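Input: a single structure, listed below in structure tokens.
The values are calculated or read from the model by the stated rules, or taken from the named source; none is laboratory data. Note that the coordinates shown come from a computational prediction; the quantities given were computed from them, not determined experimentally. Note that we place each Cβ from the backbone using ideal geometry, even for glycine, and neighbour counts take in every protein chain shown. The accessibility values were calculated without ligands, DNA or RNA, using every heavy atom of the protein model including side chains. Shrake-Rupley method; radii C 1.70, N 1.55, O 1.52, S 1.80 Å.
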Amino acid sequence: MRAPLHPDFLTRPIAHRALHDLTQNRPENSLAAVQAAVEAGYGIEIDLQPSADGIAMVFHDATLDRMTSETGPVADRSAAELAAIALNHGAGTGMPTLTEVLRAVAGRVPLLIEVKDQSGSLGPVDGALERAAVDALEGYEGPVALMSFNPHSVAALAEAAPHIARGLTTYAFPANDFPQAQENPALEARRAALAAIADYERTGASFISHQWDDLTRPRVAELKAQGAAILCWTIRSPEQEAQARRIAQNITFEQYLPAPVN
């Protein structure tokens, strides 16, 4: 089953990790950044990591080091513990749960949710974070879509929630990002399959979100011709936006404010 992407994902620029701005005490993926995006009428992209007690938390990194004064894996702390750790430049606010973000968005703008890879190698996953995300989305009314760099994660989402639009986050997957593949034929074959976006059909995806400066890749044009929606990441200037929109139907952005497209 291929769930279609809601049309709003093609008309509202999507704020990368929400509309974050440290000068305004709005860290990435924070409730303040989410609320600012809603007020501005932008779509929102967020990331998910799991807590130790299996709650889908809205946070990009696997560790706390970059975004908080704490260190260590996010997955080693409970949701309550993570909520109590203040985000850097967040005016004392902690890491939100997906449920809290859904409550803040309340269906007013499209919400693009990236499930972060839990395998460490874009390999098989146990499906726990995917199921936690789907559980949080139960009963949610509003444009929503799920995606991941890991096709195994997207396949798990297809099994858990075939009715929710899902896609692949993609880029060139260059060989220098997979140094061990040079001595591992199986890993090299996997890298090549990722670069070819070979799992699009298998996962029942309806869109890709591709690196903006690699949009001229022939596979992107092929998928678009077959009806795939083409989003892109991450645009940081009007000039980049103009270039990306020659191919992509919408953008994920940060560090500037694109004109709303309605």
Requested in this report: Sort ARG103, ARG166 by accessible area with a 1.4 Å probe, largest first.
Outcome: ARG103, ARG166
Report summary line: Residues other than MET67 with Cβ under 12 Å of its Cβ, Lys/Arg counted +1 and Asp/Glu -1, net out at -3
Query raised in the report: How much net charge surrounds ARG2 when only other residues with a Cβ under 10 Å from its Cβ are counted (Lys, Arg +1; Asp, Glu -1)?
Result: 0
Query raised in the report: Net charge near PRO258, counting Lys/Arg +1 and Asp/Glu -1 over other residues with Cβ under 13 Å of its Cβ?
Result: 0
Query raised in the report: So what does TYR256 come to for accessible area, using a 1.4 Å probe and Å² rounded to 10?
Result: 30 Å²
Query raised in the report: What is the extension gain from ALA259 to THR11, computed as 0.36 nm multiplied by their sequence separation minus the C-alpha to C-alpha distance, in nm to one decimal?
Result: 88.2 nm
Report summary line: Heavy-atom accessible area with a 1.4 angstrom probe orders ILE55, ILE46, most exposed first, as ILE55, ILE46
Query raised in the report: Among ASP47, ASP53, ASP126, what's the order by accessible area (1.4 angstrom probe), most exposed first?
Result: ASP126, ASP53, ASP47
Report summary line: Gyration tensor on Cα atoms of the chain, a ≥ b ≥ c root eigenvalues, a/c under 1.5 rounded, else prolate if a/b beats b/c, else oblate, says rounded
Report task. Label segment 55-192 by shape, choosing from rounded, prolate and oblate, from the square roots a ≥ b ≥ c of the eigenvalues of the Cα gyration tensor; if a/c is under 1.5 it is rounded, and otherwise prolate applies when a/b is larger than b/c, oblate when it is not. Result -> oblate
Query raised in the report: Label-point separation (nm) for ALA225 and ALA175, each offset 7 Å from Cα along Cα-to-Cβ?
Result: 2.8 nm
Query raised in the report: If you count the DSSP beta bridges with both ends in the chain, what percent of them are antiparallel, to the nearest 5?
Result: 20 percent
Query raised in the report: How much accessible surface does ASP8 have with a 1.4 Å probe, in Å² rounded to 10?
Result: 50 Å²
Report summary line: With all protein chains present, the chain has a carbon and sulfur share of its accessible area (1.4 Å probe) in percent of 51 percent
**Report entry** Debye, to nearest 20: dipole size of the chain, +1 on Lys, Arg Cβ, -1 on Asp, Glu Cβ
**Finding:** 700 debye
Query raised in the report: Residue separation times 0.36 nm, minus the C-alpha to C-alpha distance between ALA84 and ARG236: what's the value?
Result: 51.6 nm
